[in-house]
């Protein structure tokens, strides 16, 4: 494991994302007496909190969905290495992304939190992958086992699915690097949608 306090990422998260994720940490500590540590082991507590707040009043549900998405995004960033991208200081948190370092992929974790809470897909894609990798990713994932609705709309289930996607895309990059006799690329700052 990395010596960094931020896991496989070498920088801290932006204050905005950290403060949003901290709301869930506090809520889980208050509700279950459990200290969330931004690892996948704590996601079942987030799933339980989501089940309990799915029918909460609009503003409360919105806040919990946003905070839960930020927590998942930070957990993914620390686990796999990545950077948060906030378009600007006044940008809508639904547009924030986590861009991964080992592969040309980004996710919109706050939007994902809202999808999990609402059980409705968002208008804009949650997962952003470099166009040149889409076919290879689809081929690799075509043999994956299907998941039920309950798992699909859970933070634990999405973490597992995204883990598979990161692994597949990272391996595709490693194979391309070996074939090209070069080191694997380090992604992150670039928008994966712009990579051809």
>> Using a Förster radius of 45 Å, what is the FRET efficiency between residue 55 and residue 141 based on their Cβ-Cβ separation? Nearest 0.05, please.
In response: 0.90
> Of the residues 173, 74, 150, which exhibits the maximal mean-square fluctuation in a Gaussian network model of the chain defined by a 10 Å Cα contact cut-off?
Replying inline: 150
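In terms of the Cα gyration tensor, with a ≥ b ≥ c the square roots of its eigenvalues, is segment 57-162 rounded because a/c is under 1.5, prolate because a/b exceeds b/c, or oblate? Write down the numbers at each step before the final one.
Values: a/c = 1.82, a/b = 1.21, b/c = 1.50.
Note, shape of segment 57-162 comes out oblate.
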>> Ignoring everything except DSSP H segments at least 4 long, calculate the 222 nm mean residue ellipticity for the chain; use -39,500 (n - 2.57) per segment, divide by total residues, nearest 500.
In response: -17000 deg cm²/dmol
> Angle between the Cα long axis of helix 109-118 and the longest principal axis of the chain, 0 to 90 degrees, nearest 10?
Replying inline: 50
>> Relative contact order of segment 15-194, please, whole-number percent, based on alpha carbon pairs below 8 angstrom and at least 6 residues apart.
In response: 22
> Which one, (1) -0.28, -0.76, -1.01, -1.44; (2) -0.26, -0.68, -0.91, -1.29; (3) -0.34, -0.80, -0.99, -1.23, gives log10 I(q)/I(0) by the Debye sum over Cα atoms at q = 0.08, 0.13, 0.15, 0.18 Å⁻¹ as derived from the coordinates shown?
Replying inline: (2)
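Would you please put 178-189, 11-22 in order of how densely packed they are, using the mean number of other Cβ atoms within 10 angstrom per residue and starting with the highest? Display every interim value, and only then the final one.
Numbers: 178-189: 12.4, 11-22: 16.6.
Highest-to-lowest ranking by the protection proxy: 11-22, 178-189.
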> Length gain on complete extension for the stretch residue 29 to residue 41, per 0.36 nm per residue less the alpha carbon to alpha carbon distance?
Replying inline: 2.8 nm
> Shape call for segment 26-112 from the C-alpha gyration tensor, a ≥ b ≥ c root eigenvalues: rounded (a/c under 1.5), prolate (a/b greater than b/c) or oblate?
Replying inline: oblate
> How many angstrom lie between the C-alpha centres of segment 110-161 and segment 43-76?
Replying inline: 17
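The numbers here are math on the coordinates, done by the rules we state, and not lab data. From a predicted model like this one, the values you see are computed outputs, not experimental measurements. All Cβ positions, even for glycine, are placed from backbone atoms using ideal geometry, and neighbour counts span all protein chains on display.
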